[in-house]
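Asker: Below is a structure I'd like to ask you about.
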Amino acid sequence: MVLAHLFSSISVAGGVVAGVGFLGAGALVRSEDKTFGFTTAASIWIFSIIGLIIAFGDYLLGGVMYLAIMIVIMFDRLFELKGIGSYQRKVAINTKRIMDKDEIVRLFKGHKWKLLKFEIDKKENKSVVSYLIKGERNYVNLLKKKLVEAEWVESFKVE
């Protein structure tokens, strides 16, 4: 009887793990240069495991795990709001004239960046450039200010 209950519990847990795996995969969103939703996918996974622990009758362990995970998520959100940790944004710049890459790169001097796209439109006499910028949140805000002040910038978008 105990063995049958154990196998029943294992099959229920296996079904939950498989189903939640699909839910977590659905929470991931991939763009051309980044993937979003890892925290959401991990949260779905861990809270389903906490639900299984409670369903199997271990309320204390489930409650302690729930509190620990919520504290981690709250601190993660707090650090994100304060700009602590890795911060990256995609910057797309449309120029008023055809630009040399080096002219644009001077804006990013001293910070990590990766060129994603560089297009020259001779017909319209302009360039379109996309970069992935890594740095502190303050740097990205300063970069926005520099782009507004640059006379060669027609428009830009920070994602």
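Asker: Considering each residue of region 129-145, count those that are surrounded by 13 or more Cβ atoms within 10 Å (Cβ to Cβ) and of a type in the set (S, T, N, Q), and give that number.
Answerer: 1
Asker: Can you tell which of 38, 7 is under 30 Å from residue 134 (Cβ atoms), exposed (fewer than 13 other Cβ atoms within 10 Å of the Cβ) and either of a type in the set (Phe, Trp, Tyr) or at pLDDT 80 or above (or both)?
Answerer: Unique residue meeting the criteria: 38.
Asker: Say whether the condition of being under 16 Å from the mean Cα position of the chain (by Cα) and in the same structural domain as residue 17 (by TED's automatic domain parsing) is met by at least one residue in region 60-73.
Answerer: yes
Asker: Does residue 48 satisfy the condition of being surrounded by 15 or more Cβ atoms within 10 Å (Cβ to Cβ) and over 30 Å from residue 19 (Cβ atoms)?
Answerer: Criteria not met by residue 48.
Asker: Further, regarding this structure: Give me the strands (runs of 3 or more DSSP E) completely within region 70-139, filtered to those with at least 2 residues that are at pLDDT 80 or above and within 15 Å of residue 153 (Cβ to Cβ), ordered by residue number.
Answerer: Correct list: 88-95, 126-134.
Asker: What number of residues within region 98-128 are farther than 20 Å from residue 143 by Cα, basic (Lys, Arg) and surrounded by 12 or more Cβ atoms within 10 Å (Cβ to Cβ)?
Answerer: Going through region 98-128 one residue at a time, the tally reaches 1.
Asker: Shifting gears a bit: If the requirement is being in contact with a strand residue (DSSP E or B) (Cβ under 6 Å, 6 or more places away or on another chain) and not assigned by TED's automatic domain parsing to the domain that holds residue 35, which of these qualifies: 154, 149, 124?
Answerer: Result: 154 is the single residue among 154, 149, 124 that is in contact with a strand residue (DSSP E or B) (Cβ under 6 Å, 6 or more places away or on another chain) and not assigned by TED's automatic domain parsing to the domain that holds residue 35.
The values are calculated or read from the model by the stated rules, or taken from the named source; none is laboratory data. As the structure is a prediction and not an experimental result, all values here were calculated from the model. Every residue, glycine as well, gets a Cβ built from its backbone with ideal geometry; the counts of neighbours run over all protein chains shown.
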